[in-house]
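Just below is one structure, and these are the notes that go with it.
The values are calculated or read from the model by the stated rules, or taken from the named source; none is laboratory data. Everything numeric in this text was worked out from a predicted model, so none of it was measured. Neighbour counts run over all protein chains shown; Cβ positions are idealised from the backbone, glycine included.
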Amino acid sequence: MASNIPGEYAIAAAMLVVALLLGLLTLGLGRVMGPPRRPAEQNPAPEHGGRTGHKTWVQFRLRYAVLALLFVAFDMEMVFMFPWAVVFKRVGLVAFFDMFVFVAILTSAIFFAWKEGAFDWER
């Protein structure tokens, strides 16, 4: 069976063109329907010595970034588990032990993060 490679490229190119057109459309609508730009004299950039209208020195806890990284790590776990679930019946017991090792490594990462206090909000 011969594949239709030029047709597949045409579909990908059409999707790229549609994505670019939608991006340009939203930028254009934002420029037309958005608020007018003020001159630079009325609104100087804070990097150039202008005053901001709010408190500029805000402390934040790094713990939120750690939790975000943990979320991304376990979200990636799901990315690997869904294809594994599809081929599990065909591959058999080897696939089960492979996923067991994968989940064991991730579980050890959870315990390590817990031991380090990544889940403590009060600290």
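Computed quantities for the displayed model
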| quantity | calculated |
| --- | --- |
| Residue identified as closer than 30 Å to residue 114 by Cβ and either aliphatic (A, V, I, L, M) or at pLDDT 85 or above (or both) among 19, 13, 85 | 85 |
| Verdict on residue 40 being modelled with pLDDT of 90 or more and surrounded by 10 or more Cβ atoms within 10 Å (Cβ to Cβ) | no |
| Unmet criterion (only one of (1) at pLDDT below 75; (2) of a type outside the set (D, E, K, R); (3) outside any loop (DSSP other than H, G, I, E, B)) for residue 52 | (3) |
| Inter-residue pairs, beta-carbon under 6 Å, first over 19 Å from residue 74 (Cα atoms) and outside any helix (DSSP H, G or I) and in the range 84-101, second of a type in the set (Asp, Glu) and at pLDDT 85 or above, 6+ apart | none |
